[in-house]
Amino acid sequence: MQTVSGHSATAPAAKPSLAGLSRAALAEALEKIGVPKNQLRMRVGQLWHWIYFRGVQDFAAMTSVSKDLRALLSEHYSLARPEVVVEQVSTDGTRKWLLRLPADTPGEKPHEIEAVYIPESDRGTLCISSQIGCTLNCSFCHTGTQRMVRNLTAAEIVGQVMVARDRIGEWPDAAKPDDRNLPQREGRMISNIVFMGMGEPLYNFDNVREAVDTIADGEGIAIGKRKITVSTSGVVPMIEPLGRDAGTMLAISLHAVRDDLRDELVPLNRKYPIRELLDACRSYPGASNAKRITFEYVMLKGVNDTPDDAKALVKLLKGIPAKINLIPFNPWPGTRYECSDWNTIESFSEIVFRAGYASPVRTPRGRDILAACGQLKSETQKLSARERMALRAMAMTD
Ligand code: SAH
Ligand code: SF4
């Protein structure tokens, strides 16, 4: 593991940043500094290219924008991203960034969120957060033990993608870091985005939708909506709006096949039980065999991992275009759960496979930096040396 602490070149400036804004928000920002109404569309188009296609961090680089406007822009605004406080690079190439957002009120401590990049040979997945903390207290999730602070703004959500592209050099004119773990094929380094970091994205729907539109915009970052997956613990009333208005792929954190157990693991189940959740999935706009819904199932030793559970799972999902993702539980300091044994996971996976589902077991990545899903907690950098060592040892035995 390699940890780099420090400050990015773009420490948060006092001036508001344009990085991460939607087209409408950019137009508003331009209007505020006196850009005439009839020029707004054209100016937004120009800025969009420099901010989201080229990723520039300085207005001076925007050579197609008039000198006067560039000066005006830099007088009032910045292009700062969320500040990188710590960057950790795992032995398997997984990168985790601890990002600092300016405090909301003077005197308050700044907030911290995390984003994780998982490179594979032919693609790269960026896992981003939607809230600072989470209001839901899933009993096996590290984030669930954290106090909910607030929703992220759309710009802060997009900002995570921009920071990741800065750090792995994915803008057209950027130098790519020398790292054999990065995808080596031609193509995108960040090809997929998952909302599986901190927070419940469907409790921050408007900002998530706005951020998705910005990230997917074909003239900028252009990661298609089919490459963006929103994971929810089951906020049933927002599932249909997600498909209709955001148009992303859907992932459901199912984790149990019976309500009594799911009530315990995912307490939101008391409000929206399994049957209602699956009904919402059945009518998810756009779901088809080519656009399957992912069901996440965390493997908890002695809790939800018997062959009967596996059989009940495939029965439950009958008729839904589904993919099943078995996730080995990632332990965190203080948890009462353990990950199922490897043999148990294999037998479970075999039953799911025989029922016709490709059931990839999601290999834990970046364990040495505590970066796997559900372990995102901004206090992680404060782990004792002993805990760090234990985690590193775990990574080596994977
Ligand atoms: N709040 C959303 C998205 C963030 S959690 C949701 O719950 O879906 C992303 C995924 O990681 C979820 O499937 C969650 O259940 C899972 N997860 C949480 N803690 C975990 C842990 N310790 N080990 C493995 N997966 C975990
Ligand atoms: Fe929140 Fe998702 Fe963690 Fe549950 S699993 S506490 S919904 S982040």
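Name the residues whose placed amide hydrogens come within less than 5 Å of the amide hydrogen of residue 323, ignoring near sequence neighbours (fewer than 5 apart) on the same chain.
Under 5 Å from the amide H of residue 323: 293, 294, 295.
For a test of the definition: using alpha carbon positions, the gyration tensor, and the 1.5 limit on a/c, classify the chain as rounded, prolate or oblate.
Prolate.
Out of 170, 219, 87, any idea which swings most in a Gaussian network model of the chain, alpha carbons joined below 10 Å?
Ranking 170, 219, 87 by mean-square fluctuation puts 219 first.
Looking only at 42, 196, 62, which one moves most when the chain is put into a Gaussian network model with springs between Cα atoms under 10 Å?
42
Starting with the highest mean, order 133-139, 279-285 by the number of other Cβ atoms within 10 Å, averaged over the residues of each peptide.
Packing proxy ranking, top to bottom: 133-139, 279-285.
Please work out the C-alpha center-to-center distance from the stretch 201-218 to the stretch 52-70 and express it in whole Å.
25 Å
Residue 111's amide H: which non-local residues (gap 5+, or another chain) put their own amide H closer than 5 Å, with H modeled 1.01 Å from N in plane and none for Pro or chain starts?
Those lying under 5 Å, H to H, from residue 111 are 101, 103.
Spelling out what I want: for every residue of the stretch 330-345, take phi, set θ = phi - 60°, compute 6.51 cos²θ - 1.76 cosθ + 1.60 (Karplus), and round to whole Hz; glycine and proline get x.
Rounded to whole hertz, the list is 9, x, 9, x, x, 6, 8, 9, 10, 7, 4, 5, 4, 4, 5, 5.
May I ask you to order 16-24, 145-153 by the average number of other C-beta atoms within 10 Å around their residues, highest value first?
Ranked from most to least packed, the peptides come out as 16-24, 145-153.
Given H placed on each backbone N at 1.01 Å, which residues far from residue 150 in sequence or on other chains put an amide H within less than 5 Å of it?
132
Based on the mean of other beta carbon atoms within 10 Å per residue, what is the order of 258-270, 324-336, 28-40, most packed first?
The peptides rank, most packed first, as 324-336, 258-270, 28-40.
With θ set to phi - 60° and the Karplus curve 6.51 cos²θ - 1.76 cosθ + 1.60, what are the ³J(HN,Hα) couplings of the stretch 94-108 in order, to the nearest whole Hz, using x for Gly and Pro?
4, 10, 10, 10, 8, 10, 10, 10, x, 4, 6, 10, x, x, 7
How big is the charge dipole of the stretch 207-315 about its Cα centre, in debye rounded to the nearest 20, if each Lys and Arg gets +1 on its Cβ and each Asp and Glu gets -1 on its Cβ?
With Lys and Arg at +1 and Asp and Glu at -1, about 300 debye.
Can you tell me which of 157, 132, 320 moves the most in a GNM of the chain? Springs connect C-alpha atoms under 10 Å apart.
320
Rounded to the nearest 500, what is the 222 nm mean residue ellipticity of the chain from helices alone, with -39500 (n - 2.57) per DSSP H run of 4+ residues and division by all residues?
It lands at -8000 deg cm²/dmol.
Pop out the ³J(HN,Hα) list for the stretch 128-133 in order, Karplus 6.51 cos²θ - 1.76 cosθ + 1.60 with θ = phi - 60°, rounded to Hz; leave Gly and Pro as x.
These are the phi-based 3J(HN,Hα) values: 10, 9, 10, 9, 8, x Hz.
Please state the relative contact order of the stretch 48-163 as a whole percent: Cα pairs under 8 Å, 6+ residues apart?
About 17 percent, as a whole number.
Enter the angle in degrees (range 0 to 90, nearest 10) between the Cα long axis of helix 154-168 and the first principal axis of the Cα atoms of the chain, meaning the one along which they spread out most.
Approximately 90 degrees, to the nearest 10.
Could you tell me the relative contact order of the stretch 134-272? Use alpha-carbon pairs under 8 Å, at least six residues apart, and round to a whole percent. Write out the running numbers ahead of the final one.
Values: 172 pairs, mean separation 33.3, N = 139.
Relative contact order, the stretch 134-272: 24 percent.
With N residues in the stretch 100-214, what two-decimal value do you get for its Cα radius of gyration over 2.2 N^0.38 Å?
1.16
No lab work stands behind these numbers, since they all come straight from the coordinates. Bear in mind the structure is a predicted one, so any value in this text is a computation, not a measurement. Note: ideal-geometry Cβ built from the backbone for every residue, glycine included; neighbour counts use all protein chains shown.
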